[in-house]
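First up is the structure itself, then whatever we jot down about it.
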Amino acid sequence: MYRQHVLIAALALGLAIMQGCNESGGRLSDDDDDLVDDDDSAASNDDDSSDDDDSASVATGDDDDSSDKGGGDDDDSSNGETGDDDDSATVDPGLAFVNRTYCLDWGSVTFQSPAGIVPILGGFGVNLSDYPLLLSSTAVSIPVEEILMVLAAASLGSCDQDTSLSTYNLTSSQAGHYVAPHFEVGPSTIHISTEYGDLALYDAVFSGDFSGDATQVRHGSISGQLDISAYSSFLCGGSTSWTCSPCPGGSGTCVDLLATDALWSDNNQGALLQIP
């Protein structure tokens with residue numbers, strides 16, 4: 001169990017899932033631990049989507065077509081260099097992103113809300129880079145524009161999955177939306193229970209664009225209503241200038257969370273382990 005200060009990192013999307021407790025003490029939980037296995041429908045279209053004609057219908061053709069837009073080389077979508085994001089957003093990755101795990105680079109994130117979260121965390125000695133999140137697509141159905149995704153915590157200071165913690169099914173109640181190369185999953189409510197209090201991220205939405213070679217998720221965003229009831233006396237008003245409001249359902253105190261410009265990179269370890 002990490003020290004209590006790390007709980008404040010939950011303000012950057014429930015970082016308390018990194019605290020290594022079981023569900024009664026601090027494990028991430030949802031309403032349905034079982035992954036909604038739409039693999040029958042999502043995976044059954046592999047034959048259809050494996051040909052570039054189907055999956056590239058949104059991205060105007062295959063890599064040859066898209067490379068014409070970006071100066072004539074596919075390297076734009078795969079080298080991750082600054083300035084080529086506009087090109088990469090037009091390249092269809094096909095199915096190459098399925099069962100890959102992407103690790104969040106917190107250093108790439110711009111926090112639109114709440115204001116000043118990074119300095120506040122720094123004041124508690126919390127370095128966000130020590131607490132990566134992992135995101136993985138388990139299936140996609142291109143014909144019906146659906147995607148299934150799971151979220152997990154990484155071990156401290158690494159992009160390796162922390163297998164002592166549960167994975168969280170972001171699409172347990174409804175499939176996400178996918179039109180190549182863009183995905184959006186949610187809204188989904190993530191409940192976090194710790195020995196220091198209950199936390200929740202209501203109406204959580206994750207979105208982003210897969211790069212053409214599926215090695216990255218670019219233009220990522222994370223949004224939702226973060227329950228900060230346990231810390232409202234410190235974080236609402238005063239020096240933080242945070243605007244707090246009742247959480248959805250009227251119980252608890254929440255603050256808007258909006259993180260943009262997120263970059264997630266393939267950790268080269270394949271699919272996330274599904275841990276209940």
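Modelled this way, with points 7 Å down the Cα-to-C-beta line, the labels at Ser158 and Ser129 are 1.8 nm from one another. Note on Asn99 and His177: their simple-model spin labels are 2.9 nm apart, each label 7 Å out from Cα toward Cβ.
Read-outs: derived from the displayed coordinates by stated rules, not from any lab. Please read all numbers here as calculations on a predicted model, not as lab measurements. Quick reminder, even Gly has a Cβ in these numbers, built from the backbone with ideal geometry, and neighbours come from all protein chains shown.
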